[in-house]
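Here is the structure we will look at, set down as structure tokens.
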Ligand code: FES
């Protein structure tokens, strides 16, 4: 079984360190769907930089490379 999930974010969500008074460090939650360490961002979102509006991109989760792209009919 396979599933396509639409992710339109190309950068992580930043959690304010004030919400985590224990260590005071920012926490970045993946919003692009490419991370290998969910829910944390592992910088895999850098693969999204070449994306252009109006297109859909399909990624290989192992290589983080684009395997297909096509116009977004939405
Ligand atoms: S936002 Fe997904 S890896 Fe950074």
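Points to keep in mind about this one:
- Only one of the numbered conditions (1) in a strand (DSSP E or B); (2) surrounded by fewer than 13 Cβ atoms within 10 Å (Cβ to Cβ) is violated by residue 66, and that is (2).
- Scanning region 29-57 for residues that are farther than 21 Å from residue 68 by Cβ, over 8 Å from the mean Cα position of the chain (by Cα) and in a loop (DSSP other than H, G, I, E, B) returns 37, 38, 39, 42, 43.
- When restricted to residues that are surrounded by 18 or more Cβ atoms within 10 Å (Cβ to Cβ) and under 10 Å from residue 7 (Cβ atoms), region 32-48 contains 4.
- Selection within region 13-28 - more than 30 Å from residue 71 (Cβ to Cβ) and either assigned to a loop (DSSP other than H, G, I, E, B) or within 11 Å of the ligand (Cβ to nearest atom) (or both): 14, 16, 20, 21, 22, 23, 24, 25, 26, 28
- Region 12-30, subset loosely packed, with under 12 Cβ neighbours inside 10 Å and touching a helix residue (DSSP H, G or I) at 6+ places or on another chain (Cβ under 7 Å), residue nearest to residue 47 (Cα to Cα): 25
- Number of the exception - residue 51 against (1) away from the ligand (no atom under 14 Å from the Cβ); (2) touching a residue at least 40 places away in the same chain (Cβ under 8 Å): (1)
Every read-out reported here was derived from the displayed coordinates using simple, explicitly stated rules and does not represent laboratory data. Quick caveat: nothing in here was measured; it's all calculated off a predicted structure. In this analysis, Cβ positions are derived from the backbone assuming ideal geometry, glycine residues included, and neighbour counts consider all displayed protein chains.
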